[in-house]
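Before any comments, here is the structure.
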Amino acid sequence: MSNAIRHPVLVVFVVLAALTGVWHLIGAPITLITQIAIYTLYGAGVCMMVSYTGLVPFGASVFFGCATYAVAFVMLRGAPNEIVALIFCVAFSIVLAAVIALIILRRRGLYFSLLTLAFSQIAFEIAFKWTDVTGGENGLQGVPRPLFTSAWSFHVFTVITVCLGMGLLWRIAHSPFGRSLQALRDNEQRTQSLGYDTFRLKFVSFVIMGAVVGYSGGLLSFMINGAYADNLSWQHAGDSLLMAVMGGVHHFLGPLWGAIAFILLEDRLSAISWHNIGEGWWLIFAPIVIIFALASPEGMQGLVFRLKRRTDWTLTRKAIPPRPAAIEPYRPGGAQLDPSKPILTVSGLSKRFGSLVVATDLNLHVYPYKLHSFIGPNGAGKTTFFNMLTGILQPNAGSIMFDGHDITTLPVHKRIRLGLSRSFQILSVFPNLTAFENVRVAVQAQDKRAWGLWRDAYTYDDLNARTWSLLAAVGLEDRAADSCANLGHGQRRLLEIAISLATDAKLLLLDEPLAGLAEADRVVVGSLIRKLADSHAVLLIEHDIDRVLALSDRITVLHQGRLIADGKPAEVGSNPDVVTAYLGAERIVPPPAPTDADRAAHAASSPLLVVDKLRAGYAGSVVLEDLSLIVHEGEAVALLGRNGVGKTTTLKAITGTVRSAAGTITLSGGEITNRKPYEINQQGISLVPEGRRLFPNLTVLDNLRLAMRPGGASLDDVYALFPKLKVLQRSKAESLSGGERQMLAIARALMVPAKLILLDEPFEGLAPTIVKEVMDALAQLRGRVAMVIVEHHAESVLPLVDRAYVLVNGRVAFEGTAKTLEDDHDLQARLLGVVQKEVA
């Protein structure tokens, strides 16, 4: 019952009814409330594109204004009543939207927005100057209302149909189609890689917007008994967008609050005499909008939510389908394939970017029911090869045959529909959706019901059951209702694996699926991948060479864009060319551990960072509880734990990107709890974030210069630490390999005059030779600057650091010297899930 009372469409009706009652009591013209109702639906239609699809139309007024003329034309030429005219204007708007969509939807971002504005301005020029047809400046006047002759009867009709329209949009938002739109908004590339035709999704969304906005325009034509060109002009093109943003673009009711504020302010301010300035009310209204945008970027509803300490969106219901009493175990689908015939054949594949050659004459066969690993050092071209297989990049030469089809030039979604599926080296999920919805939208991707517009997506029990099975397979069933943005890095990696498995592909392309996982999870996921090879073909990119050798049926090695080895694991593992290329010419020796004297000196130095009884989390959930830790000047500290225990959240709380609910954080004796991130950085804390987060379109040199400040490292200092960066200083960050990006991320952090550097997963996804380079660099920094290193591989980080903390469920479960934890294998197994490898 309480959910029904809070239903947003009921809220719209109650608010409009309340405004109607107030206006009746004060004896004011009811047309103002009618206008609010019309503009509420106008804004909601625009939000179908902005809030749900992620496209911003500056010129949605083209449908609003043209629909007023459509209604005027048919009514002045003998249409029997308003209902017939409104049906015609909706049909007209659908056709107009379809034509415009075919022209502009190939463009994105600002180009798309400006093209919609251009169409609106073209329509304005036609309406304003084609006097014989449109009436020009005078418009078309005298539009009759035979069914609703009074303002009150038309108002009641408008409120009812606007509420029905809002109900339709709410229904669409929860349909399989609407849920797909939200995935598209968050991550278009990932949506394509699940097999969705993203152009078709945007096309249908654009047409729905056109229909809804067109209906609103038709209502306005009846309200004002005419059609005028000013509704198409650039001055009014952004009205609907402004209302949506004012109310809250991430809230379904945002257009309602925005329309009320916009219309009432316009009405009151327009009544003031502006001494022939024209629309002088904007002189007051514009500063109000500016102040409001600065004070509350999430709009009026977002401001209320902030006062309630809420940060969630309300575009859809928050609840997910109930968890089954017993979740069905995950069973791979997979088609019946001939194990003697290759499912994938790559012939003579080559790729270059200008003068840079990244793949040369690659030839490869992948067979069903085999785990085929594709390995090589960072920068060898492995991910580029996967991008060519899936259609993200087009090869310059060669062919790709998949299951008997030549897919060399096919678009991404058509390749996926043939039976390809992939995960990504850099996490690619849907950050604003729940973990459940991330997987469910992948499960429905190739189901014919994915295009349903009416039935609630969560009522399909078979799709829900499949989603729960996949979440349980990767151990995320208990986090199903959590927003993806609130999951830890390792949990998001597990989530991406579940997404990749959802399409029941014939061939799985897994790009470093174990990166960022704790040892216990690596064992689980490794076993799952091995099991998948019993029902699929699996092509795996991975840097964990020991696990690759143990799991694989066949291994292919890529180095500098060329294949240098291909065969069974034992043959490839002993190949001297592979050892040289992948592991380096010499045996990798980790840097020396800190001496006892160094550790004693660091422990005796003054405390630099003190975290005391910290409590923090996301959107009301508590991740860290009563957490305390100390880092001394010049000390290196490891922060360890399984996935989801709060390691990254700790770093975010220290740097101010997650607010602390309780406790204190001090740096050099000064409190920095909940200070702004840039202020904390200026105080001397620098972060090397997970995923590197470089500026991809800037060069290495520009990335460094942006961070450079007096007192930080010089360019010569960081080039001495990472000589490769000097060679690559003119290269764009997007063209670097994973290892080169990690070097740049660390170097960028050093350009700040930092007392403390926080490193989040610095060895993730790196080949052994690159791990060695990064470890050597961190060893050189040891003692010069304090460090907190979050890392899943305890064996990699413990020899580097003085002390270690281990987190369990957001609390410190171990605090002591790194050597104590390094020598206590039982403790590691209990707290970290690490099984000590036997040494031959």
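The values are calculated or read from the model by the stated rules, or taken from the named source; none is laboratory data. Being a predicted model, the structure only gives us computed values, none of them experimental. Positions of Cβ are generated from backbone atoms using ideal geometry, with glycine treated the same way; all protein chains shown enter the neighbour counts. For the accessible areas, the whole protein counts, side chains as well, though only heavy atoms, and no ligand, DNA or RNA atoms are used. Shrake-Rupley method; radii C 1.70, N 1.55, O 1.52, S 1.80 Å.
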Ile208, Ile291, Ile104, reordered so the largest accessible area comes first (probe 1.4 Å): Ile291, Ile208, Ile104
Local electrostatic count, Ile529, Cβ distance below 11 Å [Lys/Arg +1, Asp/Glu -1]: +2
Calculated FRET value between Gln141 and Leu25, using beta carbons and R₀ = 41 Å, to 0.05: 0.80
Long-range HN-HN contacts of Ser175 with modeled amide H, under 5 Å: Ala457
Contour minus Cα-Cα distance for Ser399 and Glu795 (0.36 nm per residue): 138.3 nm
Largest-first ordering by accessible area, 1.4 Å probe, given options Val808, Val797: Val808, Val797
Solvent-accessible surface (1.4 angstrom probe) belonging to Asp504, in square angstrom, nearest 10: 60
Of the DSSP H helices in the chain, those whose Cα atoms cover at least 15 Å axially and whose Kyte score averages 1.6 or more: 8-26, 61-76, 82-104, 282-295
For the chain: relative contact order, % (alpha-carbon pairs under 8 angstrom, 6 or more apart): 11
Cut-off under 5 Å, modelled amide H: who pairs with Ser660 long-range: Asn674
Computed accessible area, Trp130, all protein chains, 1.4 angstrom probe, square angstrom: 140
In range of the label at Asp716: residues from segment 693-707 whose backbone nitrogen is under 15 Å from the point 7 Å along Cα→Cβ: none
Approximate spin-label separation Ala293-Ala829, in nm, with each point projected 7 Å along Cα-to-Cβ: 6.1
Ala118 versus Asp612: modelled label distance in nm, points set 7 Å from Cα along the beta carbon direction: 6.2
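What is the gain in length, in nm to one decimal, between Thr820 and Lys414 on full extension, counting 0.36 nm per residue of separation less the C-alpha to C-alpha distance? It would help to have the intermediate numbers written out before the result.
On the way: separation 406, 0.36 × 406 = 146.16 nm, distance 5.45 nm.
Net length gain for the segment: 140.7 nm.
Please give the FRET efficiency for Asp132 paired with Ser270, using the beta carbon to beta carbon distance and R0 = 30 Å, rounded to the nearest 0.05. Don't skip to the answer; put the middle values down first.
Numbers: r = 32 Å, r/R0 = 1.06.
FRET efficiency, Asp132 to Ser270: 0.40.
Based on the Cβ-Cβ distance from Arg352 to Glu571, what FRET efficiency comes out when R0 is 35 Å, to the nearest 0.05? Walk me through the numbers on the way to the answer.
Working: r = 30 Å, r/R0 = 0.87.
Efficiency computed from Cβ-Cβ geometry: 0.70.
Looking at segment 641-727, which trypsin sites (Lys or Arg not before Pro) are DSSP coil and have at most 15 other C-beta atoms within 10 Å of their C-beta? It would help to have the intermediate numbers written out before the result.
Numbers: sites: Arg642, Lys647, Lys652, Arg659, Arg675, Arg692, Arg693, Arg705, Lys724, Lys726; in loops: Arg642, Arg659, Arg675, Arg692, Arg693.
Answer in residue order: Arg659, Arg693.
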Set of lysines near Lys202 by C-alpha distance (under 26 Å), chain-local residues within fewer than 8 positions excluded: Lys318, Lys414, Lys448
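With a 1.4 Å probe and every protein chain kept in, tell me what percent of the accessible surface of the chain is carbon plus sulfur.
58
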Spin-label pair Leu549/Ala151, simplified geometry with 7 Å Cα→Cβ offset, distance in nm: 8.5
Potential lengthening between Asp361 and Trp454 on full extension [0.36 nm per residue; Cα-Cα distance subtracted]: 28.5 nm
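Eigenvalues of the Cα gyration tensor times 5, then square-rooted: what semi-axes does that give for the chain, in whole angstrom, largest first?
Values: eigenvalues 574, 214, 125 Å².
Sorted largest first and rounded, they come to 54, 33, 25 Å.
What order, most packed first, do the peptides 241-254, 175-188, 519-532 have when packing is the mean number of other Cβ atoms within 10 Å of each residue?
Working: 241-254: 25.4, 175-188: 22.8, 519-532: 18.4.
Ranking the peptides 241-254, 175-188, 519-532 by packing returns 241-254, 175-188, 519-532.
How much accessible area per residue does the chain have, in Å², with a 1.4 Å probe?
Working: 34720 Å² over 840 residues.
Using a 1.4 Å probe on heavy atoms only, each residue of the chain averages 41 Å².
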Accessible surface of Val90 - all protein chains present, 1.4 Å probe, nearest 10 Å²: 40
For the chain, calculated [θ]222 nm from helices alone, where every DSSP H run of n ≥ 4 adds -39500 (n - 2.57): -14500 deg cm²/dmol
